[in-house]
Amino acid sequence: MADGPGPVQRGEHLATVGHGDADRAHRVVDVAEVRAGVDLPAARSDDGGGAADGEALGRGERRTQPCPEIRVEGQVGPVLEGPDGDDVGERGVEGGGHGTHRLVVRGRDGEGAPGPVDEVDPGPQVGELVAVGAAHRPPRRQVGPAVQGWDRSRSGRAAGAEYRGGVIRLFDTAKGAVVPLETREPGKVSMYVCGPTVYGPPHVGHGRSMLVFDVLRRYLEWSGLEVRHVSNITDIDDQIINRAEREGRTPEAVAEECEALWWEGADSIGVARPHDDPHATDWVDQMVEMIGTLVDRGLAYVISDGVYLDTSKVEGYGLLAGQDVASLQAGARIEANDEKRHPIDFVLWKLAKPGEPTWPSPWGEGRPGWHTECVVMSLGLLGDGFDLHGGGADLRFPHHENERAQAVALGRDFAHHWMHHGFVEIEGEKMSKSLGNFTNLIDLVRTTDPRAYRLLVLQSHYRSPMEVTRDTIAQARQGIARLDAFARNIAGLAEGVEPDAAVLDRFRALMDDDLNTAGALSLLFQAVRSVNQSLQIEDVAGAEPQIAAVRSMCVALGLELSEAPDEVPAEIVAKAEEREAARAARDFARADALRDEITAAGWILDDSPQGTTIRRA
């Protein structure tokens, strides 16, 4: 223990203090003093480690509320984040507010290894300071059963339950900031991603959405987390009904055909299937039950064409839109239906029109509104307080806000993190059918290497607009060709070799920083170049840890590399062989001329100590 008072300084470590019951909270910090902003009494050690019994942990610089003791749970690890996602960086964190009983500061690095403790100032209202190590983090909150009736008003979060920081920081639309992804259960992530309305083939915007969340899921799993991924299928909707009428088919036939195209597109770009893909038509009974609860509580009302939610009775409505109710009301379009109480009230149940598919309900035959289905299915499959809800930026309002509104009205604990990705643009314009630049994902993957589209998505930050053009696809295809050539060059190397830890640490840091795939991809190609340079000087032993790191990063990003050579035309092979002979004869002018001819024909020669490989340009 240090002789005088003072904060725990950056660069010092939490001590390992005992190895008893992980739930016990009387471990002691055996490092320099913690400036808690209060007078600290003597602390105790019950495990034989840390400070001696009765040894004071130090005195704060000012006296305010009593602080019974400083505690640490778990094992060693750096303090990286405080409560509610606050950073604990060089500036420290002032946690807690009026009446806060305790501040929990969590130690964590990606591997649970020892690390520095940053200065912490919990503020004057904190009753106790608890540092939680990486190994024994308590769950963020207790979780109730998935669904036990829609009249349940209590939140799924247990009172006083502690939060744990996630391994990744993502932009949260609701908070308007990049914050840690906190998880309901240690080591597990529950994510719900809005899926397609199946009335046509998937376009490249859908493809981007699939890939963004596929990469997130793969990276979380690569990091050691267990992910449960749910993505719905909207198989009844106005667009499906309208197309069926135009083509003289049933809505069921349209939905079935277009769903098959959706999965064809997803499979072709290497997207892992969700663990659950609930279909709206299978959950109508639960939707009717939920709507009935809202009506019974006076939160929804019935008019001539259906049942509507009264948005004026939903606290905080407009959060995801970034506007309050008054602003949304003022900007709402004038609609033909003047029975609605407010312009932004939205339909929960649509009463049937002639010829439409219908289901029974207390308000008459009809079908659910679009905004209702995801509330029921997400809570039904993932339970209250699930970790993440995602989709495109166009879903933020009104769709996701209206989902959230229904859960809030019911008193249910809904998604704790909202993640939205940017649009796809064609020559600088948002992709849409109305602009005539609609690009079919199925056509794209049937005419080019589907992996090129994944690489193109990875090259852009998920929240930024992304351009899909012939040029950007061609450039991505060249990147895939480079990676395939690399895979052929390293075939048989680095088997059983541990990946370069420094490279993977940099990779984690980039991916944990709001899923910075562009930076991670740049790092990957840097490692590829470094390996190639090492192999050129025949430093195989030096290259192998980086080879293993490249392979590991590719797994995390979902990039599958091919060691199979391209089918090279015989005349190109002959020119390459002639060039090798010219080089052996030191006729470099002839060798360069042959290389130029090969390049002009659309092929590239990669020279290495192992020989020359030929790949498509």
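The values are calculated or read from the model by the stated rules, or taken from the named source; none is laboratory data. Keep in mind it's a predicted model, so treat the numbers as computed, not measured. Using ideal geometry, Cβ is built from the backbone for each residue, glycine included, and neighbour counts are taken over all protein chains shown. For accessibility, only protein heavy atoms count, side chains too; no ligands or nucleic acids. Shrake-Rupley method; radii C 1.70, N 1.55, O 1.52, S 1.80 Å.
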Derived scalar couplings ³J(HN,Hα) [region 397-414; Karplus, 6.51 cos²θ - 1.76 cosθ + 1.60; whole Hz; x for Gly, Pro] = 9, x, 4, 5, 5, 6, 4, 4, 4, 5, 5, 4, 4, 7, x, 8, 8, 9
Take peptides 232-241, 516-525 and line them up by average Cβ neighbours within 10 Å, highest first, as a rough protection proxy.
-> 232-241, 516-525
Taking protein heavy atoms only, a 1.4 Å probe, and rounding to whole percent, the accessible area of region 169-421 owed to carbon and sulfur comes out at 49
Ignoring ligands and nucleic acids, what accessible area does GLU538 show with a 1.4 Å probe (Å², nearest 10)?
-> 140
Which whole-number percentage describes the relative contact order of region 470-557, with Cα contacts under 8 Å and a sequence gap of 6 or more?
-> 38
So for the pair ASN242, VAL497, with labels modelled 7 Å out along Cα→Cβ, what separation do we get in nm?
-> 5.8
Can you run phi through the Karplus equation (6.51, -1.76, 1.60; θ = phi - 60°) for region 459-465 and list ³J(HN,Hα) in whole Hz, with x for Gly and Pro?
-> 6, 10, 5, 4, 8, 8, x
Which FRET efficiency value, to the nearest 0.05, is calculated for THR612 and ALA518 with the Förster distance at 22 angstrom and r the Cβ-Cβ distance?
-> 0.10
Taking amide H positions as placed 1.01 Å from N in the peptide plane, with prolines and chain starts having none, which residues 5 or more places from ALA174, or on another chain, fall under 5 Å of its amide H?
-> TRP418
Provide Rg over Rh for region 470-557; use the alpha carbon set for both Rg and the Kirkwood Rh (inverse mean inverse pair distance).
-> 0.98
